[in-house]
Amino acid sequence: MTAITIAIVDDHPLFREGVSRSLSEIEDFVVVGEGASADDAATLVAAQKPDVVLLDVSMPGGGIEAISEIVVRSPETKVLMLTASEEVDPLVAALRRGAAGYVVKGIGSRGLAEAIRIVVGGARYISPTMRAKAEKSLLDRPPSLTRRETEVMELVAEGLSNKHIALRLNRREKTIKHHMTEILSKLGASNRTEAAIKWRQLA
C-alpha cells in the first residue's frame with residue numbers, strides 16, 4: 001500500500017496537533033511536516049513535496065494567498081483548505097487559485113480522511129454544507145483572462161514551455177511564470193494540462 005504524505009499548516013497548535021495525531025493513526029497516512037503560516041506552507045511544500053497539504057484559510061500570510069505559491073512550487077501537491085467559516089467567497093477564491101478541496105473544521109477524522117483520499121484520487125471535495133452554494137457561485141462567475149493571459153494560454157495549449165512562450169512573446173520567463181500563476185488561479189486548475197483543458201472548454 002502506497003503511503004499518502006500530508007503536510008498540515010494551521011496557526012492553532014492544539015487543532016494542528018490534534019489533526020496530525022488523528023491522521024497519523026491511519027495506516028497509509030504519513031504526516032511529513034507541520035507549520036503555522038503561509039511562509040511555512042511554501043517552505044514545507046518545496047522541501048517535502050507532500051501528496052496533500054492542509055491549509056488553514058485564516059492563518060498568518062493567508063491560506064488562500066499561499067495556494068498560488070504552492071501550485072508553482074509543487075504542481076502535484078493537492079491543496080485542501082480548512083476553515084471554521086461557511087462563507088462562499090473564500091471558497092470560490094480558493095478553488096479559482098487551484099485548491100482541490102474545501103473542508104469545514106467541524107468534520108470528523110474519518111470525514112477528513114475521506115476528503116484527503118478523494119483529492120489524492122484527482123477529484124474535488126467540498127464540504128456537503130457548502131457544495132450547492134459553491135457550485136452556484138462558480139457558475140455565476142465564469143473566469144475571464146486578460147489579453148496577455150489568453151496569448152499565453154494559446155501557446156500552452158500548443159504544448160510550449162514557459163521558456164519557449166517567453167521567447168515567442170518577447171517576455172522574460174519570470175513574467176510568463178507570473179501569468180501562469182494567475183491563469184491557474186482564475187481557472188481553478190492545479191497544473192498546465194488541466195488549465196489547457198478548462199480553457200478549451202471555455203473558448
- [ ] With the checklist (1) at pLDDT below 90; (2) surrounded by 16 or more Cβ atoms within 10 Å (Cβ to Cβ); (3) among the small types (Gly, Ala, Ser); (4) farther than 22 Å from Pro75 by Cβ in hand, flag the one item Ala132 doesn't pass.
- [x] (2)
Open item on the list: Among (1) at pLDDT 80 or above; (2) in a helix (DSSP H, G or I), there is one condition Gly122 misses while meeting the rest; what is its number?
Closed with: (2)
Task: Search result, residues across segment 180-203 that are open to solvent by 30 Å² or more (accessible area, probe 1.4 Å) and of a type outside the set (Asp, Glu) - done: Lys186, Asn191, Arg192, Thr193, Ile197, Lys198, Trp199, Arg200, Gln201, Leu202, Ala203
Task: Subset of segment 105-122 [basic (Lys, Arg) and either open to solvent by less than 60 Å² (accessible area, probe 1.4 Å) or at positive phi (or both)] - done: Lys105
- [ ] Evaluate segment 147-159: report whether one residue or more is over 26 Å from Ile107 (Cβ atoms), open to solvent by 80 Å² or more (accessible area, probe 1.4 Å) and at pLDDT below 85.
- [x] yes
Task: Pairs, first closer than 15 Å to Leu155 by Cβ in segment 174-203, second surrounded by fewer than 17 Cβ atoms within 10 Å (Cβ to Cβ) and at pLDDT 80 or above, C-beta under 6 Å, six or more apart - done: Ala196/Ala157
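The values are calculated or read from the model by the stated rules, or taken from the named source; none is laboratory data. Note that this is a predicted model, so its numbers are computed, not measured. Neighbour counts run over all protein chains shown; Cβ positions are idealised from the backbone, glycine included. Side chains included, ligands, DNA and RNA excluded: accessible areas come from the protein's heavy atoms. Shrake-Rupley method; radii C 1.70, N 1.55, O 1.52, S 1.80 Å.
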